[in-house]
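S.K.: Sending over a structure as structure tokens; questions will come in a sec.
The values are calculated or read from the model by the stated rules, or taken from the named source; none is laboratory data. The structure displayed is predicted, hence computed values, not measured ones. Ideal geometry is used to build each Cβ from the backbone, glycine not excepted, and the neighbour counts take in all protein chains shown.
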Amino acid sequence: MFTQFQDPLISGFARITIQNSSSLDRNLILDIADTIQKARVHPKPSSVFSRSGDPVLERVFDFLDRKRFHISWSKLVLLGCSAGGNVALRSLFKHLIVPHIPIIIVMHHNPGFKFLTKLDLANSTFQRIIPVKDGEPIRGSRLYFLPGEMETGFSRQTKSFVVKPVNYKQRFRPDIDKAFAAAGARFRENVIGVILSGMLNDGAEGTKTIFLNRGEVWVQQPSTALFKEMPNAAIKTVPTVKIKTLQQIAEKINQISLNDLTIKPI
């Protein structure tokens, strides 16, 4: 049975489908709807969201976890960036209003880098930034950040991360090419690889793997990037690359989220 109702997580802009055959559908609807009532009467809506997480989403996720449900997904977005990436990500997230699909940030940084101190998501509707660990499940409405000191792949059996120590020398960490290639090989047409500001050609070979596995490749319009080399390299490597402004990238993610959102049993 599929039940549809206005999505309280994003103030009625989206539609949620609950896949279940029991009367729990009604309980889920009532409990989730109650969260938006509390958010609407908040005296300062912008302060509902903070570095420690969105309390509305936290309440919903806690309830779904207890009932053994989760927000499902079919599309996965990887954001690859290096120099100038902080600026690009800030601009991109200003336009994200329906982040139901999982997003993975693959940004060059030194091991031990504290991402939360560098990117202000105070008005984001994401729950929080999640540093990836081995076995971490990939869930909808989550924002993930790849560690610099580890190599990250994806489980063949489940929608989860596989993390292991780096046993080779590499220029920068995490390796954008390896992360994009692993996602393309594992999730194929369900992957969207996005190249943002950065130097050199990092990510170009990874986006090629995504393309060859029938995934999509989007690139920040080079003229809008602080460092144009990574976008230009991806454009030269992938013949069907889609060149977009940061706002256009966000709007496409919003649209995919609107069209594809289901709560399923775990």
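S.K.: How about region 140-161: which of its residues are acidic (Asp, Glu) and buried (at least 18 other Cβ atoms within 10 Å of the Cβ)?
M.R.: Glu151
S.K.: Still on this model: Would you point out the residue of region 192-213, among those that are among the hydrophobic types (A, V, I, L, M, F, W, C) and buried (at least 23 other Cβ atoms within 10 Å of the Cβ), that is farthest from the chain's Cα centre (by Cα)?
M.R.: Here the answer is Ala204.
S.K.: Kindly provide the set of residues from region 66-90 that are without any contact (Cβ under 8 Å) to a residue 40 or more places away in the chain and surrounded by fewer than 17 Cβ atoms within 10 Å (Cβ to Cβ), ordered by number.
M.R.: Let us first name the residues in region 66-90 that are without any contact (Cβ under 8 Å) to a residue 40 or more places away in the chain, namely 66, 86, 90.
Correct list: Arg66, Arg90.
S.K.: Taking the conditions exactly as written (in contact (Cβ under 8 Å) with a residue 60 or more places away in the chain and of a type outside the set (A, V, I, L, M, F, W, C)), does Pro165 satisfy them or not?
M.R.: Taking the combined requirement at face value, the residue does not satisfy it.
Table: residues versus (1) within 26 Å of Val162 (Cα to Cα); (2) among the small types (Gly, Ala, Ser); (3) in a loop (DSSP other than H, G, I, E, B).
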| site | (1), (2), (3) |
| --- | --- |
| Ala183 | yes, yes, no |
| Arg188 | yes, no, no |
| Met199 | no, no, yes |
| Phe211 | yes, no, no |
| Val219 | no, no, no |
| Ile253 | yes, no, no |
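S.K.: So, in region 99-139, how many residues would count as being assigned to a loop (DSSP other than H, G, I, E, B), hydrophobic (A, V, I, L, M, F, W, C), under 13 Å from the mean Cα position of the chain (by Cα) and at pLDDT 65 or above?
M.R.: 3
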